[in-house]
Amino acid sequence: MDFNLTEGQRMLQKVVREFVEREIEPIAAEIDKTGVFPSETFQKMTDLGLTGISIPEEYGGCGGTDVDKVIVVSEIARKCAASAAILSIHSIFPQVLLHFGSEEQKRKFIPPAVRGGCLGAFALTEPDAGSDAGAAKTTAMLDEETGEYVLNGTKCFISGGSQADVVLVFALTDPKKGLKGMSCILVEKGTPGFGVGKVEEKMGIHASETAELIFDNCRVPKENLVGKEGKGFGIAMSALDGARIGVGAQALGLAEEALELAVKYAKERVQFGKPIAKLQGIQWYIADMATKTEAAKWLVYYAASLKDTGKPYTKEAAMAKLNASENARFVTNLALQIHGGYGYMQDYPLERMYRDAKITEIYEGTSEIHKVVISRAMLGK
Ligand code: COS
């Protein structure tokens, strides 16, 4: 058992850290205020190979591992959780095609998704199908005459939805069968009948936009089916397993940075004639924050390493995300508390980090859903 990063992983971490300090940290506060998707910065991440970090070289990626991806996402999240979310959520798209797409779909969509020019999104959630994802009602009925699927329905809370060039839509091709009749279908931007509805105003990760997608007799060729008909729910669940490691990495980066800021501030801030780091109350906060963050880190890395070695990781991904996200809220809250009034002000990054941390307990599955997944793995359904 070796808990050290390899030489290559340390190098990757260094390169990404420098990139983040140079390109992402300077815009983080601004894109939080404006909520504008950072297209230029995203292109720079792409140019550096970060969007294709764990995609094989034959499809234009870097051929790295999921542990590499955790390093990348957590480093970005330290300075800008919204940018980390954009990268991590976009990466679901090439991952799904890599594992379930036809060779033609892989060749057409993965290279532009990892080299630039094709932003992907993942559309599962609906107004009445959040945690109960199997209750989705959007349909995709095959028109035998034209050989097209006709999509009707509304998806909501779709990250990157209004920016995306192509969306993986989970829709019922056989509504009578419920989730066993769900399929995964590619819908490209500009397809008649596909529109963007409400773009949400959120508490945090403002630059990672969240939109409603509307399908109104939207026709796509049947070649846009990903995998087999009726297998869409399994594809969605397996994609979410991987995505949960990504959210765990975002939460980890937020917690690591908040802890570092808290340590620095506690040593500098003098009250009652001494740095507040000398007060036992603050020392205990720091000890708890450090211990829990270390634990969160290893659960996230462990889930990623199981995925890398082809072992089952559904339960571990759920544990990693559950633990890291609760820790991110805990640590950003205490770091803000240690900063006192200054922490509440927008001159410091902590109020943004605190807001950004909250979503990690909700998206790609709530904490409560992860407890369902974990307890089912332990006890059976
Ligand atoms: N990987 C692959 N397949 C999976 C899977 C996984 N991790 N989890 C479940 N499945 C399969 C099951 O094997 C089952 O298939 P079979 O009937 O062929 O065996 C099918 O999916 C249905 O599974 P299950 O009966 O467990 O479904 P439930 O309706 O009970 O729902 C939960 C399971 C609650 C775990 C699921 O709905 C979920 O994860 N909800 C949260 C959704 C979410 O995270 N949304 C975030 C936003 S995404 S835009």
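What follows is calculated from the coordinates using simple rules that are stated; it is not laboratory data. Quick caveat, the model's predicted, so the values are computed rather than measured. Here the Cβ positions follow ideal geometry from the backbone for every residue, glycine too, while neighbour counts run over all protein chains shown.
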_the stretch 120-230, dipole about Cα centre (Lys/Arg Cβ +1, Asp/Glu Cβ -1), debye to the nearest 20_ = 240 debye
*asked:* Between residue 367 and residue 308, what is the label-point separation in nm under the 7 Å Cα-to-beta-carbon projection?
replied: 2.9 nm
*Dipole of the chain, positive direction: furthest Cα of 348, 375, 93, with charges on the beta-carbon*: 375
*Interchain or long-range residues, amide H under 5 Å from residue 365's placed H*: none
*Go through the stretch 364-374 residue by residue and turn each phi into a ³J(HN,Hα) via Karplus (6.51, -1.76, 1.60, θ = phi - 60°); whole Hz please, and just put x for glycine and proline.*
6, x, 6, 4, 5, 5, 5, 5, 5, 4, 5
*asked:* Apply the a/c threshold of 1.5 to the C-alpha gyration tensor of the stretch 7-115 and tell me whether it is rounded, prolate or oblate.
replied: oblate
*Calculate for the chain the 222 nm mean residue ellipticity that helices alone would give, adding -39,500 (n - 2.57) per DSSP H run of length 4 or more and normalising by residue count, nearest 500 deg cm²/dmol.*
-17000 deg cm²/dmol
*Report, ordered by chain and residue number, the aspartates and glutamates lying within cross-link reach of residue 137, taken as a straight Cα distance under 17 Å and ignoring same-chain residues fewer than 8 apart.*
126, 128, 174, 212, 216, 229
_Magnitude of the charge dipole, the stretch 47-188, Cβ model with Lys/Arg +1 and Asp/Glu -1, debye to 20_ = 420 debye
*Residue order, fewest to most beta carbons within 10 Å, for 1, 141, 182, 45*: 1, 141, 45, 182
_Separation of alpha-carbon centers, the stretch 19-33 and the stretch 291-325, rounded to whole Å_ = 27 Å
_Is the C-alpha gyration tensor of the chain telling us rounded, prolate or oblate? Criteria: a/c under 1.5 is rounded; beyond that, a/b larger than b/c is prolate, otherwise oblate._
prolate
*asked:* Rounded to whole Å, give me the distance from the Cα center of the stretch 116-156 to that of the stretch 36-87.
replied: 26 Å
*What list of ³J(HN,Hα) couplings, whole Hz, do you get for the stretch 43-57 from phi and the Karplus terms 6.51, -1.76, 1.60, once you set θ to phi - 60° and write x for glycine and proline?*
5, 5, 5, 5, 4, 6, x, 6, 6, x, 4, 10, 9, x, 4
*What FRET efficiency, computed as 1/(1 + (r/R0)^6) with R0 = 30 Å and r the Cβ-Cβ distance, is obtained for residue 29 and residue 99, rounded to the nearest 0.05?*
0.20
*Considering the stretch 67-167, what Rg and Dmax in Å follow from its alpha-carbon atoms?*
15.7, 52
*asked:* Defining a contact as two alpha carbons under 8 Å apart and six or more residues distant in sequence, what relative contact order in percent does the stretch 120-230 show?
replied: 31 percent
*Please build a GNM for the chain, connecting alpha carbons under 10 Å apart, and tell me which residue among 148, 103, 200 fluctuates the most.*
103
_Residue-wise HN-Hα coupling along the stretch 318-334, computed from phi with Karplus coefficients 6.51, -1.76, 1.60 (Hz; x: Gly, Pro)_ = 5, 4, 4, 6, 4, 5, 5, 6, 5, 5, 4, 5, 4, 6, 5, 5, 5
*Would you work out which of 330, 181, 357 lies farthest towards the positive end of the dipole of the chain, given +1 charges on the beta-carbon of Lys and Arg and -1 on that of Asp and Glu, about the Cα centre?*
330
_Give the aspartates and glutamates reachable from residue 321 as a straight Cα distance under 16 Å; neighbours fewer than 8 places away on the same chain don't count._
66, 241, 256, 294, 356, 361, 364, 368
*DSSP beta bridges in the chain, what fraction antiparallel, as a percent rounded to 5?*
85 percent
*Along the positive direction of the dipole of the chain (beta-carbon charges: Lys, Arg +1; Asp, Glu -1; about the Cα centre), which of 284, 54, 171 reaches farthest?*
284
*For the stretch 226-324, size of Cβ-based charge dipole, Lys and Arg +1, Asp and Glu -1, in debye*: 120 debye
*If we count other beta carbons within 10 Å of each Cβ, what is the order of 298, 284, fewest first?*
284, 298
